[in-house]
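The values are calculated or read from the model by the stated rules, or taken from the named source; none is laboratory data. All of these numbers come straight from a predicted model, not from anything done at the bench. Every residue, glycine as well, gets a Cβ built from its backbone with ideal geometry; the counts of neighbours run over all protein chains shown. The accessibility values were calculated without ligands, DNA or RNA, using every heavy atom of the protein model including side chains. Shrake-Rupley method; radii C 1.70, N 1.55, O 1.52, S 1.80 Å.
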Amino acid sequence: MTEKQRNDVVRKWKKNLQLDHWLIEIVDEEPDNPAALASVMPAESYDRASLRFSSTWVDWPAPFLERVVVHELLHIVFRDLVEAEQSIYDALSHDARVLYSRRLDHELEGVIDRLAERFVEVSSRT
């Protein structure tokens, strides 16, 4: 896998997910979480984000890279929804915040994983 191929996949899915207007910078640094394959950090108020890939990305098969890219870009798609849900966060007690955050993170990752897998599958058929 080359850098150009990776960047082409990011461009393709930016368009497919209607994120064309976003400025997404690919940063050549490992994700903050050492166990993560990739990470995205959307800005809170501007349509900008930084995208990081594990250094192992060059060895990934193309369909796997595509699924990882779609997964990370879906985090951008869900940014405003997550921000809206987080607006209740300050009204919660500490214990409720912890439970709420864990559950929200878990469920969001599951939804994003399932959507990414399906989008890539459907895209490969066309």
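What to note about this one:
- The residues packed around MET1, meaning those with a beta-carbon under 12 Å from its beta-carbon, carry a net charge of -2 if Lys and Arg are +1 and Asp and Glu are -1.
- Segment 5-126: Cα Rg divided by the 2.2 N^0.38 Å rule of thumb: 1.12
- Solvent exposure, largest accessible area first (probe 1.4 Å, DNA, RNA and ligands not counted), of ILE112, ILE24, ILE88: ILE88, ILE24, ILE112
- Gain in span if fully extended, ASP105 to MET41, counting 0.36 nm per residue against the direct Cα distance: 21.6 nm
- Contour excess over end-to-end distance, with Cα ends at LEU115 and LEU81 and 0.36 nm allotted per residue: 10.7 nm
- Kirkwood-type radius of segment 10-49, with distances r between different C-alpha atoms, in Å: 11.3
- In segment 26-100, Cα pairs under 8 Å separated by at least six residues give a relative contact order of 27 percent.
- Inter-part distance, segment 45-59 to segment 83-106, computed on C-alpha centroids, equals 26 Å.
- Top of ALA43, ALA116, ALA35 by mean-square fluctuation, Gaussian network on the chain, Cα under 10 Å: ALA35
- Normalising the average separation of contacting C-alpha pairs (under 8 angstrom, six or more residues apart) by the number of residues puts the relative contact order of the chain at 25 percent.
- Calculated P(r) tail over 14 Å for segment 55-118, as whole % of Cα pairs: 65
- Probe 1.4 Å - accessible area at TYR46, Å² to nearest ten: 150
- Listed residues MET41, VAL9, VAL111: farthest to the positive end of the dipole of the chain (Cβ charges): VAL9
- When shorter helices are ignored and each DSSP H run of at least 4 residues is given -39500 (n - 2.57), the per-residue value for the chain at 222 nm works out to -18500 deg cm²/dmol.
- Kyte-Doolittle mean at least 0.5 and Cα axial length at least 18 Å: DSSP H helices in the chain: 62-77
- Cβ-Cβ distance of GLU3 and SER124, R₀ of 30 Å, FRET efficiency by 1/(1 + (r/R0)^6): the value works out to about 0.85.
- Rounded accessible area of PHE119 (nearest 10 Å², 1.4 Å probe): 70
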